[in-house]
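S.K.: Sharing a structure here in structure tokens format.
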């Protein structure tokens, strides 16, 4: 039970401190609403939920990397910058992929 509370505290920290995470949650909720309105199939729901989760998971990992790097290397260092940039890059890849997933899931239904 303690580990569950720690996990919830981590999610609360993510949403309290990271504007991008709040934006990603809002977009995810809009995508879920669109899925309900447009009648996604069960496999499509699976893809949508996994895509939303992937973006949020990577945002959490990115935040954890940034915090750990800042703690370990308070001064600017090229390797610290590279670690933070790489973590941010993974979120960008997932976000771009989520746009593609959204187009593939919702595009055909919106064109009809």
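S.K.: Given the options 51, 63, name the one that is more than 28 Å from residue 110 (Cβ to Cβ) and assigned to a helix (DSSP H, G or I).
M.R.: Working: 51 fails: more than 28 Å from residue 110 (Cβ to Cβ).
From the options 51, 63, the qualifying one is 63.
S.K.: Quick check on my filter: what residues within the range 86-112 are without any contact (Cβ under 8 Å) to a residue 40 or more places away in the chain, more than 13 Å from the chain's Cα centre (by Cα) and either under 18 Å from residue 31 (Cβ atoms) or surrounded by 11 or more Cβ atoms within 10 Å (Cβ to Cβ) (or both)? Spell out the reasoning first.
M.R.: Our first condition is that a residue be without any contact (Cβ under 8 Å) to a residue 40 or more places away in the chain; within the range 86-112, this holds for 86-90, 92-93, 96, 99-100, 103-104, 107-108, 111-112.
Okay, now just the ones that are also more than 13 Å from the chain's Cα centre (by Cα), so 86, 100, 103-104, 107-108, 111-112.
Across the range 86-112, the qualifying residues are 86, 100, 103, 104, 107, 108, 111.
S.K.: Right, another one. Take the conditions free of Cβ contacts under 8 Å to residues at least 40 places away in the same chain and surrounded by fewer than 16 Cβ atoms within 10 Å (Cβ to Cβ) and apply them to residue 50. Does it pass?
M.R.: Details: free of Cβ contacts under 8 Å to residues at least 40 places away in the same chain: yes; surrounded by fewer than 16 Cβ atoms within 10 Å (Cβ to Cβ): yes.
The answer is yes for residue 50.
Each reported figure results from applying straightforward, stated rules to the coordinates on display, with no laboratory input. What you are looking at is a predicted structure, and each value in this text was computed from that prediction instead of being measured. Positions of Cβ are backbone-derived with ideal geometry, glycine not excepted, and every protein chain shown enters the neighbour counts.
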